[in-house]
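The structure under discussion appears below in the form of structure tokens.
The values are calculated or read from the model by the stated rules, or taken from the named source; none is laboratory data. A quick note: this is a predicted structure, and the numbers were derived from the prediction, not measured. Cβ coordinates were reconstructed from backbone atoms using ideal geometry, including for glycine residues, and neighbour counts include every protein chain displayed.
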Amino acid sequence: MGRERETLGSRLGFILLSAGCAIGLGNVWRFPYMAGQYGGAIFVLIYLCFLLLLGLPIIVMEFAVGRAARASLPVALKRLGPAKSVWYWYGPFAMMGNYLLMMFYTIITGWLLAYFFYAVKGTFVGFTTSAQTGAFLQNLTSSPWEQIFWMVLSIIIGFGVCSLGVRKGVEKITKYMMLVLLIMMGVLAVNSICLDGGMKGLKFYLVPSVANLKAAGVGNVLVAAMGQSFFSLSVGIGSMAIFGSYMAKDRSLTGESIWVVILDTLVAIISGLIIFPACFAYGVDPGAGPTLLFVTLPSIFAKMPMGAFWCSMFFLFLSFAALSTVIAVFENIIGLNIDVFKLSRAKAVAINLPLIILLSIPCVLGFNVWSGFMPFGEGTNILDLEDFLVSNVILPFGALLLVCFCTMRLGWGWNRFIEETNQGVGVKFPKWLRLYCSIFPPIIIFIIFSKGIIDKIKVFF
């Protein structure tokens, strides 16, 4: 007899757990500096439109595939697809995508844990310039052993939670972690808004400006908002499918997906409420790029009254956001191992914990011992390569496959998708959207995929 499928204990647990998977560095790191670079409020408005038009249908589809099959994505594609179909061939790529993601995501999570530790310790007190915080980051990344320590800690925390099971570990701990995260974000946002000069940042962030749109370039803003709306939900590698497989059939999937999207968006928006007023209050460019989080913001907190406290809270909130994604993806990896290799949860954890540690070491070494390897030109490293493969290749390809699988007769098919999605009480997915879902999301995903590839190829010419 097959092993009985674990289930989630509550609707709230499912929503917070799924939102925790979607909520990560894409929301609290990438979104603010993207908004800063592409016109502030006008970018946010366009991003929200694409999130509704693109992100919501795809997340519903991934939940539906997981729930219908009661299995992780590789098994679900094989189980739901027609006999002798080739859909299941994507299974190994989805599995590889999860491992690749954790090979660099655990490194960044480790940095956040380190920053929280040093913020509590008071290390950043007096670091009032970006040069000082930049030197700190350089020292951290140049030390393989220190990075490995924090990376291993993030992996142990993630697998430790997953080892407790779906209800007692993943659901319970992630639920409380998300609630604390939202409270911390609210407190941080109020503090930033109340800073002298903070209202200027609030205006830039919340009041759309055509002038800002023209300055950033209409095409650039559209493509950037489109890409951010897609990447922010982490669909395409099966993380949402695994939580769908743990879900009961008493609620329709559209309503639950809307709540996940709302929470995901809320965290991104509140992140901006924390960062933009602070940047404007202290005369810092909010479009500073990836360095905004680790270099620019610590120097801003150092200038604030009670700066050490606010800095500690900020990096604790970021650590929670990153760890929620780590736990969710680890759960997907464990689910894959249980479904594909018929392992017990304990065995899957025992095998994958040391495996992820070993697989993550090349990324660590890419900042120091192997820094001479620059896959995309000067200033790039192994993290950039792994991030590109996940974000620009596997995720878009997986999302495109999901859309085709749910809309085409050669796949699962639209009618079966609608039947599964609309089971239970709650908001129903409109049947008449078939033509839209068959055309618009694939075109947008193809544009995102093509742009990502072209942008990387350009560096060699």
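Among the residues of the range 217-265, write down those that are of a type outside the set (S, T, N, Q), more than 27 Å from ALA68 (Cα to Cα) and in contact (Cβ under 8 Å) with a residue 40 or more places away in the chain. Once the filter is applied, which keeps residues that are of a type outside the set (S, T, N, Q), more than 27 Å from ALA68 (Cα to Cα) and in contact (Cβ under 8 Å) with a residue 40 or more places away in the chain, the range 217-265 yields VAL221, LEU222, VAL223, ALA224, ALA225, MET226, GLY227. Taking the criterion of being part of a helix (DSSP H, G or I) and polar (S, T, N, Q), the residues of the range 162-210 that qualify are SER163, THR174, ASN191, SER192.
Within the range 68-82, can one find any residue that is under 19 Å from the mean Cα position of the chain (by Cα) and assigned to a helix (DSSP H, G or I)? Looking through the range 68-82, at least one residue is under 19 Å from the mean Cα position of the chain (by Cα) and assigned to a helix (DSSP H, G or I).
In the range 80-107, the residues that are free of Cβ contacts under 8 Å to residues at least 60 places away in the same chain reach residues that are surrounded by 15 or more Cβ atoms within 10 Å (Cβ to Cβ) with C-beta atoms within less than 6 angstrom, at least six apart or across chains, in these pairs: TYR88/LEU77; TYR88/LYS78. All of ASN422, ASN415 fail the test of being at pLDDT 95 or above, of a type in the set (S, T, N, Q), surrounded by 16 or more Cβ atoms within 10 Å (Cβ to Cβ) and farther than 19 Å from LEU233 by Cα, apart from ASN422. Of the residues making up the range 360-414, those that are part of a helix (DSSP H, G or I) and either free of Cβ contacts under 8 Å to residues at least 40 places away in the same chain or closer than 30 Å to ALA83 by Cβ (or both) number 18. Scanning the range 416-461 for residues that are part of a loop (DSSP other than H, G, I, E, B), among the hydrophobic types (A, V, I, L, M, F, W, C) and without any contact (Cβ under 8 Å) to a residue 40 or more places away in the chain turns up just one, PHE461.
Scoring LYS168 on the criteria (1) more than 16 Å from PHE367 (Cβ to Cβ); (2) touching a residue at least 12 places away in the same chain (Cβ under 8 Å); (3) loosely packed, with under 15 Cβ neighbours inside 10 Å leaves a single failure, condition (2). For the range 43-73, the tally of residues that are farther than 23 Å from ARG251 by Cα and either buried (at least 24 other Cβ atoms within 10 Å of the Cβ) or among the aromatic types (Phe, Trp, Tyr) (or both) stands at 3.
All of SER229, SER234 fail the test of being assigned to a loop (DSSP other than H, G, I, E, B), buried (at least 20 other Cβ atoms within 10 Å of the Cβ) and either of a type outside the set (Ser, Thr, Tyr) or modelled with pLDDT under 90 (or both), apart from SER234. A residue that is in contact (Cβ under 8 Å) with a residue 60 or more places away in the chain, more than 23 Å from the chain's Cα centre (by Cα) and over 30 Å from SER143 (Cβ atoms) can be found somewhere in the range 346-359.
PHE317 falls short on exactly one of the conditions (1) surrounded by 21 or more Cβ atoms within 10 Å (Cβ to Cβ); (2) out of contact with any Asp or Glu (no Cβ under 8 Å at 6 or more places or on another chain); (3) modelled with pLDDT of 95 or more; (4) over 18 Å from ILE242 (Cβ atoms), and that condition is (3).
Residue by residue, here is whether (1) β-branched (Val, Ile, Thr); (2) within 16 Å of LEU188 (Cβ to Cβ) holds:
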residue	(1), (2)
SER312	no, yes
VAL329	yes, no
PHE341	no, no
LEU353	no, no
THR380	yes, no
ASP387	no, no
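Can MET96 be described as surrounded by fewer than 19 Cβ atoms within 10 Å (Cβ to Cβ), at negative phi and at pLDDT 90 or above? So MET96 fits the description; yes.
Filtering the range 422-461 to residues that are out of contact with any strand residue (DSSP E or B) (no Cβ under 9 Å at 6 or more places or on another chain), among the small types (Gly, Ala, Ser) and over 17 Å from TRP412 (Cα atoms) leaves SER450, GLY452. Taking LEU45 as the residue in question, decide whether it is part of a helix (DSSP H, G or I) and either under 30 Å from VAL364 (Cα atoms) or in contact with a Phe, Trp or Tyr (Cβ under 7 Å, 6 or more places away or on another chain) (or both). Judged against the criteria, LEU45 is not a match.
Residues are listed down the side, and each one gets a yes or a no for (1) part of a helix (DSSP H, G or I); (2) charged (D, E, K, R); (3) crowded, with 24+ Cβ neighbours inside 10 Å:
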site: TRP259; (1), (2), (3): yes, no, no
site: LEU263; (1), (2), (3): yes, no, no
site: ALA268; (1), (2), (3): yes, no, yes
site: SER271; (1), (2), (3): yes, no, yes
site: ILE274; (1), (2), (3): yes, no, yes
site: ALA288; (1), (2), (3): no, no, no
site: LEU292; (1), (2), (3): yes, no, no
site: LEU297; (1), (2), (3): yes, no, yes
